[in-house]
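> First, the structure itself, so that you have it in front of you.
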Amino acid sequence: MARYVWALATKQDNLWIKWVHAVYIKEENWWDYRHPVGCSWYWKQVCEVKEYLKTKISLQDLTGVQKYSLKGIYAKLCVEGDHVDWDKFVWNRISIPKHRAITWLIMKNRLNTADRLLKYGLIHDDTCQLCSTGRETHEHLFFQCDYSRKCIDLLRSWLGMVSHQYDFQRTVRFWKNSRISCFKKKVLAAVLKAGVYFIWWARNEAVWNLVGWRPAQIVQRVKSLIILRINTVIPKKTSTANRAWFELLKSR
Ligand SMILES: [Zn+2]
């Protein structure tokens, strides 16, 4: 999503930019633009990423990035002294770019969860729509919520992992310190990021479209997407042992 923010800021010449200008931004200045209430959740996320970038870098810095690279933008953010210990977790080629972006927002507590909307007076109830019991905060959705725990448990059993850790930050620390191959680490990170992306997606489906998805359906989506992704980007130098492990995942 940071790519879209950058593309809009640097006025890239492509159809999507023209479309967004015609439908949403119109005559407004992109850097000061606020999204309308009824727009799609995806467009809201793009605007949220833009708001986050605004707190970290100037428009000049962003437009100074000639050729888009998430790493390049991230390097600019790090110059500001923003301490992060999850860089390798978020940024690797195996994971899907939009999953990285959502993970980044979660890590920074930047999603518009119900507790935040309630605080702004935009809604009257911050009950989690996935479990109907807890308050919808970042901590609850990732992963105190029974619904998201079920998703995480199913994904763990797919990966053959034994862990009962449900705190997102701690899970990332556990991932960092675990002694497994680099390839496996990247795959686990990609799966977890896809998991949180789809939990947020399921939440939006429940809130905006009143559609309920079962955890097993969410997990099935994650699995197919991850397998497709790895098949496409698997590095040539991947060892036979790692390839065999991936084949095993595909068969489960
Ligand atoms: Zn919940």
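The values are calculated or read from the model by the stated rules, or taken from the named source; none is laboratory data. Since this is a predicted model, take the numbers as computed values, not measurements. So basically every Cβ, Gly included, is an ideal-geometry build from the backbone, and we count neighbours across all protein chains shown.
> Identify all residues within the range 108-127 that are among the hydrophobic types (A, V, I, L, M, F, W, C), in a loop (DSSP other than H, G, I, E, B) and out of contact with any helix residue (DSSP H, G or I) (no Cβ under 6 Å at 6 or more places or on another chain); write none if there are none.
LEU122, the sole residue that qualifies.
> I need the full set of residues from the range 141-164 which are within 16 Å of the ligand (Cβ to nearest atom) and either within 16 Å of the chain's Cα centre (by Cα) or not in a helix (DSSP H, G or I) (or both), in order please.
Within the range 141-164, LEU141, PHE142, PHE143, CYS145, SER148, CYS151, ILE152 qualify.
> Is the range 210-220 home to any residue that is within 16 Å of the chain's Cα centre (by Cα) and modelled with pLDDT of 95 or more?
Among the residues of the range 210-220, at least one is within 16 Å of the chain's Cα centre (by Cα) and modelled with pLDDT of 95 or more, which makes the answer yes.
> Something else about it: Please specify each residue of the range 106-140 satisfying the condition of being at positive phi and within 18 Å of the chain's Cα centre (by Cα).
The answer is ASN109, and nothing else.
> A follow-up question, please. Being among the hydroxyl-bearing types (Ser, Thr, Tyr), loosely packed, with under 12 Cβ neighbours inside 10 Å and over 25 Å from ASP87 (Cα atoms) is the requirement here; does SER251 meet it?
yes
> OK, next. Which ones in the range 52-67 are charged (D, E, K, R), closer than 19 Å to ARG110 by Cβ and without any contact (Cβ under 8 Å) to a residue 12 or more places away in the chain?
Hits for the range 52-67: nothing passes.
> Same structure, new question: Any chance you could count how many residues in the range 116-138 are crowded, with 17+ Cβ neighbours inside 10 Å and more than 9 Å from the ligand (Cβ to nearest atom)?
The total comes to 4.
Yes or no, residue by residue, for (1) more than 22 Å from the chain's Cα centre (by Cα); (2) hydrophobic (A, V, I, L, M, F, W, C); (3) assigned to a helix (DSSP H, G or I):
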| site | (1), (2), (3) |
| --- | --- |
| ARG3 | no, no, yes |
| TRP6 | no, yes, yes |
| ASP13 | yes, no, no |
| TYR24 | yes, no, yes |
| GLU27 | yes, no, no |
| ARG34 | no, no, no |
| TYR42 | no, no, yes |
| GLU48 | no, no, yes |
| LYS54 | no, no, yes |
